[in-house]
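Student: Right, I'll just put the structure down here and ask away after.
The values are calculated or read from the model by the stated rules, or taken from the named source; none is laboratory data. These numbers come from a predicted model, not from an experiment. Here the Cβ is made from the backbone with ideal geometry for all residues, glycine too, and neighbour counts use every protein chain on show. Surface accessibility is based on the protein's heavy atoms, side chains included, excluding ligands, DNA and RNA. Shrake-Rupley method; radii C 1.70, N 1.55, O 1.52, S 1.80 Å.
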Amino acid sequence: MTFNFSMQAIDQVINSAAKTYYMSGGLQNVPIVFRGPNGASAGVAAQHSQCFAAWYGHCPGLKVVSPWNAEDAKGLIKSAIRDNNPVVMLENELMYGVAFEFPQEAQSKDFLIPIGKAKIERQGTHITVVAHSRPVGHCVEAAAVLAKEGIECEVINMRTIRPMDIETIEASVMKTNHLVTVEGGWPQFGVGAEICARIMEGPAFNFLDAPAVRVTGTDVPMPYAKILEDNCVPQVKDIIFAIKKTLNI
Amino acid sequence: MRKMLAAVSRVLSGAAQKPASRVLVGSRNFANDATFEIKKCDLHRLEEGPPVTTVLTREDGLRYYRMMQTVRRMELKADQLYKQKIIRGFCHLCDGQEACCVGMEAGINPTDHLITAYRAHGFTFTRGLSVREILAELTGRRGGCAKGKGGSMHMYAKNFYGGNGIVGAQGQIFEAYNMAALWKLPCIFICENNRYGMGTSVERAAASTDYYKRGDFIPGMRVDGMDVLCVREATKFAAAHCRAGKGPILMELQTYRYHGHSMSDPGVSYRTREEIQEVRSKSDPIMLLKDRMVNSNLASVEELKEIDVEVRKEIEDAAQFATADPEPPLEELGYHIYSNEPPFEVRGANQWIKFKSIS
């Protein structure tokens, strides 16, 4: 079922899977993959819409991946299965039905996407926009809209939440001098918050021309009514707004 | 409107009180009550069980009939609205299981507390909410019982705690059995055994399908969940057990759902249409009550048909309301995060979007 149900067994994921190799002093590894839909769907209300990226990303011993498109899904699940460590794969129900161009090399049965490496989906010069899962698509859309206004966004698809590929993000920020993070989960202690903290700790901080901005889910349990739900999930317009604010446009 | 208020007040007056003759009898003379035989319950760790005969008064019979018919028609209307995409997300219907919620309510008091899982619309009604409020919650409007914020699985009322979506942890129920038994809690654990857990039959899912025995040290009964009178008597018996300080008790209601697990499940890939049809024709709870009442002169076919007509109208009106009522206002998106707190600000999609949160 969805990761919302994983809370019934989260002790096993964290205490039995994530920590065992460490607790055993390297004796017992746990080569397991937990996969399923994560985050908001459509109209499934509070108990079925939570994003667990920050929850699982918090834990040492776990690897956490979050595919966006079809090749992400294939490459990451294969890498997850072949990995000797516990991997949580956070898929997205609304992406299951979306079709993507599937490049030739992705069709090979040994096509792997390395865990811990982000991908630059779109090159840009003015601002770095980082996201994972479904919001990557929203960022690509926002970038297309802004390109017409002469704003070129560099869109980074994180692909992995933990271990986070901060180097790719740093290199990009050092080029563009601006950063917006986008995620579906709640703002407090979220993926964007971690990215911002790490940027401050590294070389990219001195290249920022403006504070980094986070676009997130609204800080409430997911409401059912459509008008409310639409305002609880980051939309393309929210991303565009945040980008323009950061660029002071 | 008056008829609806009368119906609602009959429902809310509860089964525990002595019936008063408020019903206007037509020119025909009906019997005031009749005695029926009900199926003996299988017992676990119980010397005796609920009685095998029960008296049904005309007034109670009409009330149960109306309530079950209302739940039935309400669920069918929800099916229709879902297919029209006016209801979204999850929708788990309980048509076929009406005897469970109506029979249970007849066996307890409105001051008792009830909690259930996602198949909750019937219970929401029997616990006292109107069809209007329920349908408007399903359509996500401000007139819904949770102001449109909860949806199908998150409906609450006085002494009714939902409506819960995350289920399936076998371990939790055994923990609860243990504590309830240790502390002798006055708690009735109920399993509505409709033969399937989503698409998995009980034979494939459970090492033991004698759910009424699985409380182990907790006494249990297996009850005919298609017979509203059997459910009522079993519930009364179970409630008396708890109220006498004897601790928890378990009730397994053998019932059946006509729809699939939810509206996303056609319900025929793991069971046959013949099976569904057989239950409908032999064990439908509304039909069983109707036959009993008509055959013992507790009511006439015409009278019951009139109730059908009234119920249909009530559901239509409620559906109209549920479709026309506006969605909740955006300003209230942040309300009701905490109870009893001074107002604070809730962050939206970015740091410049703020919602007010009021308790």
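Student: Please go through (1) part of a helix (DSSP H, G or I); (2) in contact with a strand residue (DSSP E or B) (Cβ under 7 Å, 6 or more places away or on another chain) for A:Lys175 and return the number of the only condition it doesn't satisfy.
Tutor: It is condition (2) that A:Lys175 fails.
Student: Next up: With (1) at pLDDT below 95; (2) surrounded by 15 or more Cβ atoms within 10 Å (Cβ to Cβ) as the list, and B:Glu341 as the residue in question, which single condition is left unmet?
Tutor: All conditions pass for B:Glu341, except number (2).
Student: Restricting the search to segment A:45-62, which residues are surrounded by fewer than 24 Cβ atoms within 10 Å (Cβ to Cβ), away from chain B (no Cβ under 14 Å) and on the phi < 0 side of the Ramachandran plot?
Tutor: Once the filter is applied, which keeps residues that are surrounded by fewer than 24 Cβ atoms within 10 Å (Cβ to Cβ), away from chain B (no Cβ under 14 Å) and on the phi < 0 side of the Ramachandran plot, segment A:45-62 yields A:Ala54, A:Trp55, A:His58, A:Cys59, A:Pro60, A:Leu62.
Student: Further, regarding this structure: Just to verify a result, which residue in segment A:75-86, among those that are surrounded by 17 or more Cβ atoms within 10 Å (Cβ to Cβ) and among the aliphatic types (A, V, I, L, M), is nearest to A:Pro60 (Cα to Cα)?
Tutor: Applying the filter and picking the extreme gives A:Ala80.
Student: A:Lys245: over 30 Å from A:Gln47 (Cα atoms), open to solvent by 10 Å² or more (accessible area, probe 1.4 Å), within 8 Å of chain B (Cβ to nearest Cβ) and in a helix (DSSP H, G or I), yes or no?
Tutor: Considered against the rule, which asks whether it is over 30 Å from A:Gln47 (Cα atoms), open to solvent by 10 Å² or more (accessible area, probe 1.4 Å), within 8 Å of chain B (Cβ to nearest Cβ) and in a helix (DSSP H, G or I), A:Lys245 comes out as yes.
Student: Within segment A:167-185, can one find any residue that is surrounded by fewer than 21 Cβ atoms within 10 Å (Cβ to Cβ) and either at pLDDT below 95 or within 14 Å of chain B (Cβ to nearest Cβ) (or both)?
Tutor: No - not one qualifying residue is present in segment A:167-185.
Student: Which of the residues spanning segment B:266-278 are open to solvent by less than 40 Å² (accessible area, probe 1.4 Å) and on the phi < 0 side of the Ramachandran plot? Can you show your working first?
Tutor: From segment B:266-278, those open to solvent by less than 40 Å² (accessible area, probe 1.4 Å) are B:267, B:271, B:276; that's our starting set.
Once the filter is applied, which keeps residues that are open to solvent by less than 40 Å² (accessible area, probe 1.4 Å) and on the phi < 0 side of the Ramachandran plot, segment B:266-278 yields B:Arg271, B:Ile276.
Student: Let me ask something else. Within segment B:48-66, track down each residue that is hydroxyl-bearing (Ser, Thr, Tyr) and open to solvent by 40 Å² or more (accessible area, probe 1.4 Å).
Tutor: B:Thr53, the sole residue that qualifies.
Student: How many residues are of a type in the set (Val, Ile, Thr) and not assigned by the TED database to the domain that holds A:Ala42 if we restrict to segment A:64-114?
Tutor: Of the residues in segment A:64-114, 1 are of a type in the set (Val, Ile, Thr) and not assigned by the TED database to the domain that holds A:Ala42.
Student: Further question: Every residue in segment B:307-359 that is more than 8 Å from chain A (Cβ to nearest Cβ), in contact with a Ser or Thr (Cβ under 8 Å, 6 or more places away or on another chain) and assigned to a helix (DSSP H, G or I), please.
Tutor: Within segment B:307-359, B:Val311, B:Glu314, B:Ile315, B:Ala318, B:Ala322, B:Thr323 qualify.
Student: How many residues, within segment B:174-219, are under 17 Å from B:Gln97 (Cβ atoms), part of a loop (DSSP other than H, G, I, E, B) and without any contact (Cβ under 8 Å) to a residue 40 or more places away in the chain?
Tutor: 0
Student: Just name the residue that is nearest to the chain's Cα centre (by Cα) out of those in segment B:200-219 that are open to solvent by 30 Å² or more (accessible area, probe 1.4 Å) and over 22 Å from B:Ala238 (Cβ atoms).
Tutor: Our first condition is that a residue be open to solvent by 30 Å² or more (accessible area, probe 1.4 Å); within segment B:200-219, this holds for B:200, B:203-205, B:207-211, B:213-214, B:216-217.
Going one step further and asking which of them are over 22 Å from B:Ala238 (Cβ atoms), we end up with B:200, B:203-205, B:207.
On the way: B:Thr200: 22, B:Glu203: 25, B:Arg204: 26, B:Ala205: 24, B:Ala207: 27 Å.
My answer is B:Thr200.
Student: If only one of B:Ser296, B:Ser281 is small (Gly, Ala, Ser), surrounded by fewer than 14 Cβ atoms within 10 Å (Cβ to Cβ) and more than 14 Å from chain A (Cβ to nearest Cβ), which one is it? Spell out the reasoning first.
Tutor: Values: B:Ser296 fails: surrounded by fewer than 14 Cβ atoms within 10 Å (Cβ to Cβ).
Result: B:Ser281 is the single residue among B:Ser296, B:Ser281 that is small (Gly, Ala, Ser), surrounded by fewer than 14 Cβ atoms within 10 Å (Cβ to Cβ) and more than 14 Å from chain A (Cβ to nearest Cβ).
Student: Now for a different question. For segment B:165-197, give me the residue count where each residue is of a type in the set (S, T, N, Q) and open to solvent by 40 Å² or more (accessible area, probe 1.4 Å).
Tutor: The qualifying residues number 3.
Student: Out of curiosity, is B:Arg222 under 21 Å from the mean Cα position of the chain (by Cα), more than 14 Å from chain A (Cβ to nearest Cβ), assigned to a helix (DSSP H, G or I) and touching a residue at least 60 places away in the same chain (Cβ under 8 Å)?
Tutor: So B:Arg222 fails the test.
Student: Going through A:Glu154, A:Glu121 one at a time, which residue ends up being assigned to a strand (DSSP E or B), touching a helix residue (DSSP H, G or I) at 6+ places or on another chain (Cβ under 9 Å) and under 16 Å from A:Ala73 (Cβ atoms)? Spell out the reasoning first.
Tutor: Details: A:Glu154 fails: under 16 Å from A:Ala73 (Cβ atoms).
Among A:Glu154, A:Glu121, only A:Glu121 is assigned to a strand (DSSP E or B), touching a helix residue (DSSP H, G or I) at 6+ places or on another chain (Cβ under 9 Å) and under 16 Å from A:Ala73 (Cβ atoms).
Student: Going by the conditions given, is A:Met222 over 28 Å from A:Ala147 (Cβ atoms) and surrounded by fewer than 19 Cβ atoms within 10 Å (Cβ to Cβ)?
Tutor: no
Student: While we're here: With segment B:80-167 as the region, which helices (runs of 4 or more DSSP H) entirely inside it contain at least 1 residues that are within 14 Å of chain A (Cβ to nearest Cβ) and among the charged types (D, E, K, R)?
Tutor: Once the helices (runs of 4 or more DSSP H) in segment B:80-167 are filtered for at least 1 residues that are within 14 Å of chain A (Cβ to nearest Cβ) and among the charged types (D, E, K, R), what remains is B:131-138.
Student: OK, next. Condition first: out of contact with any strand residue (DSSP E or B) (no Cβ under 8 Å at 6 or more places or on another chain) and among the charged types (D, E, K, R). Can you find one or more residues in segment A:109-124 that meet it?
Tutor: Yes, segment A:109-124 has at least one match.
Student: May I ask you to list pairs of residues, at least six apart or on different chains, whose Cβ atoms are under 7 Å apart, with the first in segment A:219-236 being under 19 Å from A:Gly192 (Cα atoms) and more than 7 Å from chain B (Cβ to nearest Cβ) and the second being among the aromatic types (Phe, Trp, Tyr) and in a loop (DSSP other than H, G, I, E, B)?
Tutor: Between residues of segment A:219-236 that are under 19 Å from A:Gly192 (Cα atoms) and more than 7 Å from chain B (Cβ to nearest Cβ) and residues that are among the aromatic types (Phe, Trp, Tyr) and in a loop (DSSP other than H, G, I, E, B), there is no close pair.
Student: Please go through segment B:55-73 and pick out each residue that is aliphatic (A, V, I, L, M) and either out of contact with any strand residue (DSSP E or B) (no Cβ under 6 Å at 6 or more places or on another chain) or closer than 12 Å to B:Gly103 by Cβ (or both).
Tutor: Passing the criteria: B:Leu56, B:Leu62, B:Met67, B:Met68, B:Val71.
Student: Quickly run through segment A:127-146 and pick out the residues that are surrounded by fewer than 19 Cβ atoms within 10 Å (Cβ to Cβ) and either closer than 20 Å to A:Asp209 by Cα or among the hydrophobic types (A, V, I, L, M, F, W, C) (or both).
Tutor: A:Ala144, A:Val145 - these are the residues of segment A:127-146 that are surrounded by fewer than 19 Cβ atoms within 10 Å (Cβ to Cβ) and either closer than 20 Å to A:Asp209 by Cα or among the hydrophobic types (A, V, I, L, M, F, W, C) (or both).
Student: Here are A:Ala73, A:Ala99: which of them is part of a helix (DSSP H, G or I) and either farther than 30 Å from B:Leu333 by Cα or out of contact with any Phe, Trp or Tyr (no Cβ under 9 Å at 6 or more places or on another chain) (or both)? Don't jump to the end; show me each part of the working.
Tutor: Details: A:Ala99 fails: part of a helix (DSSP H, G or I).
Only one candidate passes the filter, namely A:Ala73.
Student: In the set B:Met263, B:Met251, which member is surrounded by 13 or more Cβ atoms within 10 Å (Cβ to Cβ), touching a residue at least 24 places away in the same chain (Cβ under 8 Å) and outside any loop (DSSP other than H, G, I, E, B)?
Tutor: B:Met251
Student: Out of curiosity, is A:Glu149 surrounded by fewer than 22 Cβ atoms within 10 Å (Cβ to Cβ), away from chain B (no Cβ under 14 Å) and within 18 Å of the chain's Cα centre (by Cα)?
Tutor: no
Student: Could you say which residue among A:Ala40, A:Ala9 is within 14 Å of another protein chain (Cβ to nearest Cβ) and assigned to a helix (DSSP H, G or I)?
Tutor: A:Ala9
Student: Mind listing whichever residues of segment A:87-107 are open to solvent by less than 70 Å² (accessible area, probe 1.4 Å) and among the acidic types (Asp, Glu)?
Tutor: The one that is open to solvent by less than 70 Å² (accessible area, probe 1.4 Å) and among the acidic types (Asp, Glu): A:Glu91.
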